[in-house]
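J.: One structure, as structure tokens, below. Some questions next.
What follows is calculated from the coordinates using simple rules that are stated; it is not laboratory data. As the structure is a computational prediction, the values presented were derived from the model and not from experiment. Cβ placement follows ideal geometry from the backbone for every residue including glycine, while neighbour counts extend to all protein chains displayed.
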Amino acid sequence: MRSVLNFPLLCTLTVVLLAGSQIAEATGWPQKADNGFVKVYYSSATASSYFGGDGTVITQHRLEDPNDSTRQYMRFDYDIQVFGVYGEFGLSDNLTLVADFPLVALSLTETTETLRSYPSQGVTLSSTSDTTLDIAAFAYYGLGVRYALPLQGDLNVLGLLDVRIPPGFHNGLYDDPEFEYLSDGVFAMRIGAELGLPVSGGWLATRIAYALNAEERSDELHVCLEGGLNTVENAQIKLFVDGILALEDPETSRPFNVRETPSVEQYIVTGGSFIFNFSEALFADFTISAPLAGANTWNGAAVSFGIGLKFDVDADAGE
């Protein structure tokens, strides 16, 4: 059985959006006045398991047996693709405007296996049935600013403020009759700080932000640590660890449901990126990432890439 839903959604999208943000953002550094870049990025991930509230990896569900001779199990395959546009523009040397618009195509397939035993004949017969749910919509509309404090020395210190506006405005994740799968979104606002420090042959950067979420979604702490090398001309390599820490206990929260937007979710993801500059303006990058641990979230690796164009308004105007 196949059910196709084309409604807006907002879920954290765990690995993929984290990987997408690693492609897009320039953590720890502002854009110079009238400078910026625009990037198109793509991310893909699959998962056949998730982390339960206690961090245990769940690969299937045992369903209620319809009778003594029948057993039923459900497995699930989660596939997500994100096509996004991200940009940064320096309103001044200290103030950077940020925008992010990820378009999501997501598919969930539930496979139910039924085992029927016939003791008198000494056989067990197996049958399967599939249900697939699809969504294609914007995950959110993201807008924000980063402000660099006017400090002396190599260390960059920035404050950040951004909002993620959902495509839908129903108040409540779980009581919207229009949604069999996920929800129409959660408004979120992040307030935080970034640090960036150039070191010999590379850089170190970090971000920590408090995410204030609407509706039933728990507030969260978002943390990012990264280190990079730029010793090869026109190329950079960076490693990163990203995480979300929920401010409510995932073990006592609403249990994870593969069809629902989780209200309390946390995870740690690690990965690496390769960035190549084809010219002063054109660049591309490739990212891989995988979860280390989590609670009430999908467990799947992601692959991402993007291509972008840097620009200088004053330089372009003078040509």
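J.: When all C-alpha to C-alpha distances in the range 162-319 are sorted into bins of 5 Å, what percent of pairs does each bin hold, rounded to whole numbers?
T.: 2, 8, 12, 15, 17, 15, 11, 9, 6, 4, 1, 0, 0
J.: Can you pull out the chymotrypsin sites (Phe, Trp or Tyr not before Pro) in the range 243-293 that DSSP calls coil and that have at most 12 other Cβ atoms within 10 Å?
T.: For chymotrypsin sites (Phe, Trp or Tyr not before Pro) across the range 243-293 that sit outside H, G, I, E and B with at most 12 neighbouring Cβ atoms in 10 Å, the list reads Phe278.
J.: Would you kindly derive the ³J(HN,Hα) couplings of the range 84-92 from the backbone phi angles with the Karplus curve 6.51 cos²θ - 1.76 cosθ + 1.60 (θ = phi - 60°), listing them in order in whole Hz, with x for Gly and Pro?
T.: x, 10, 10, x, 9, 9, x, 6, 8
J.: While we're looking at this one, here's another question. Before rounding to the nearest 500, sum -39500 (n - 2.57) across all DSSP H runs of length at least 4 in the chain and divide by the residue total; then give [θ] at 222 nm in deg cm²/dmol.
T.: The helix-only estimate for the chain comes to -1500 deg cm²/dmol at 222 nm.
J.: Can you list the HN-Hα couplings for the range 195-200, worked out from phi with the Karplus curve (6.51, -1.76, 1.60; θ = phi - 60°), rounded to whole Hz and with x for Gly and Pro?
T.: Values per residue, Gly and Pro as x: 10, x, 9, x, 10, 4 Hz.
J.: Tell me the relative contact order for the chain as a rounded percent, counting alpha carbon contacts under 8 Å between residues six or more apart.
T.: Relative CO of the chain lands at 22 percent.
J.: Here is a further query. In vacuum, with every alpha carbon of the range 191-258 counted as one equal point scatterer, what does the Debye formula give for log10 I(q)/I(0) at q = 0.13, 0.22, 0.24 Å⁻¹? Two decimals, please.
T.: Taken in order of the listed q values, log10 I(q)/I(0) reads -0.54, -0.93, -1.03.
J.: Starting from 0.36 nm per residue, how many nanometres of slack lie between Leu161 and Ser92 once their C-alpha separation is accounted for?
T.: 23.2 nm
J.: Could you give me the ³J(HN,Hα) list for the range 245-260, computed from phi with Karplus coefficients 6.51, -1.76, 1.60 and θ = phi - 60°, whole Hz, x at Gly and Pro?
T.: With the stated coefficients, the range 245-260 comes to 10, 6, 8, 10, 6, x, 6, 9, 7, 4, x, 5, 10, 4, 9, 10 Hz.
J.: Return, ordered by residue number, the residues of the range 116-148 whose backbone nitrogen is under 18 Å from a label point located 7 Å along Cα→Cβ of Met189.
T.: 141-147
J.: Another question, then. Taking H as built 1.01 Å from N, whose amide H comes closer than 5 Å to the amide H of Ala301, not counting residues under 5 places away?
T.: Amide H to amide H, under 5 Å and 5 or more residues apart or across chains, Ala301 pairs with Thr46.
J.: Let me ask another. Report, largest value first, the span of the C-alpha coordinates of the chain along each principal axis, in whole Å.
T.: 86, 42, 35
J.: State to the nearest 20 debye the size of the charge dipole of the chain about its Cα centre, where the only charges are +1 on K and R beta carbons and -1 on D and E beta carbons.
T.: 540 debye
J.: Still on this model: Quick one: Debye curve from the alpha-carbon atoms of the range 43-159 only, equal weights, vacuum; give me log10 I(q)/I(0) at q = 0.13 Å⁻¹ to two decimals.
T.: For the range 43-159 at q = 0.13 Å⁻¹, log10 I(q)/I(0) is -0.76.
J.: Still on this structure, I have one more. Please name whichever of Gly196, Leu63, Gln31 sits farthest to the positive end of the charge dipole of the chain, dipole taken about the Cα centre and charges placed at Cβ: Lys and Arg +1, Asp and Glu -1.
T.: My answer, from the dipole projection, is Leu63.
J.: Using the per-residue mean of other Cβ atoms lying within 10 Å as a proxy for protection, in what order, highest first, do the peptides 299-306, 153-160 fall?
T.: Going from most to least packed, we get 299-306, 153-160.
J.: If you line up the long axis of helix 14-24 against the longest principal axis of the chain, both from Cα atoms, how many degrees apart are they, to the nearest 10?
T.: 20 degrees
J.: Dividing the alpha-carbon radius of gyration of the range 100-249 by 2.2 N^0.38 Å (N being the number of residues), what value is obtained?
T.: That works out to 1.58 for the range 100-249.
J.: Label the range 100-177 by shape, choosing from rounded, prolate and oblate, from the square roots a ≥ b ≥ c of the eigenvalues of the Cα gyration tensor; if a/c is under 1.5 it is rounded, and otherwise prolate applies when a/b is larger than b/c, oblate when it is not.
T.: Prolate, because a/c is 1.5 or more and a/b exceeds b/c.
J.: So how much slack lies between Ile288 and Thr111, counting 0.36 nm per residue of separation and subtracting their Cα-Cα distance, in nm?
T.: 60.9 nm
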